[in-house]
Amino acid sequence: MTGSEEEIQAIVGKLIDEIADDLDFDLDGPISAQTRLVKDLGLASVDFIQLIVAIEQHFGRKMKFHDLLMPDGAYVSDLTVGELVTFVDSKLKAPEPVPEAAKPAAVPTSVSTVSVPVIDPAMVAAFRAKTPIRICPSVSGAKRLRTVFVLTSPRSGSTLLRIILAGHPRLFAPPELHLLDYADLAQRKAALGNALNEHLLTGTLRALMQLTPCSLEEAEATMCRYEEQQPPRMTSTFCCTNC
């Protein structure tokens with residue numbers, strides 16, 4: 001099935017609308033080619049997978065979305081709806097891939113050995129030297145009760161776990177807030193407020209919108225005030241607990 005980019009955009013927009021109930025951001029207007037999937041819609045990794053599966057099911061073919069999401073071996077920070085539509089259009093116009101069962105058997109070739117570098121202490125030290133070390137001031141005072149912090153490694157299913165926890169009416173499980181590495185919000189904004197990492201700042205905005213509740217513009221204004229005030233204890237400023 002093929003069509004114009006306008007038809008594909010309408011289909012993609014409809015599929016996004018179907019998962020919009022799980023998104024925290026509300027757009028001021030309809031979804032357009034310039035709408036960003038992370039910055040504007042607040043899509044997380046689980047939402048991307050759901051959208052990709054829906055697109056492939058609708059058009060009835062696999063499209064190898066890793067070519068779009070990891071063009072140079074690293075994940076892109078954001079995508080516009082227009083970029084997604086252009087990618088889908090290019091895949092629909094490409095010839096249908098030959099099923100693996102229909103491909104002729106590969107002719108065995110001589111096995112070549114590949115030299116794999118062994119990780120040694122010097123390589124570990126070089127890696128650690130590239131990792132910034134942030135020293136945060138010690139925090140005194142009474143601890144908050146009924147607080148649970150769940151620590152996970154990247155790509156381990158933490159987003160799915162958060163969504164499951166957030167589905168309980170008595171739990172508040174915010175998106176990744178990226179707070180603990182910084183002494184105050186001004187330091188956090190200075191470290192993450194760039195084109196490569198600015199999407200990491202949206203977790204606190206979405207948390208504020210859910211807690212208050214308020215609009216995106218109001219949450220951004222609140223964050224600006226907090227960043228200017230530099231509150232020393234960010235965990236007391238934000239209710240970032242699953243309580």
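Annotations for the structure displayed:
- Radius of gyration and Dmax over the Cα atoms of segment 5-93, both given in Å: 12.2, 34
- At R0 = 35 Å, FRET efficiency that the Cβ-Cβ distance of residue 96 and residue 171 yields, to 0.05: 0.15
- Contact order normalised by residue count of segment 158-237, Cα under 8 Å, 6+ apart, percent: 30 percent
- Which of 63, 123 has the fewest Cβ neighbours within 10 Å, and the rest in rising order: 123, 63
- Summary value for segment 5-93: 42 percent relative contact order, contacts being C-alpha pairs under 8 angstrom separated by 6+ residues.
- Neighbourhood net charge (11 Å Cβ-Cβ; Lys/Arg +1, Asp/Glu -1) for residue 64: +1
- Pairwise inverse Cα distances across segment 158-237, averaged and inverted, put the Kirkwood hydrodynamic radius at 13.3 Å.
- Pairs beyond 26 Å (Cα-Cα), from 39/93; 14/189; 14/91: 39/93; 14/189
- Residue exposure sequence - 17, 47 - by fewest surrounding Cβ within 10 Å: 17, 47
Every read-out reported here was derived from the displayed coordinates using simple, explicitly stated rules and does not represent laboratory data. Treat the numbers as computed from the prediction; the structure is a model and nothing was measured. In this analysis, Cβ positions are derived from the backbone assuming ideal geometry, glycine residues included, and neighbour counts consider all displayed protein chains.
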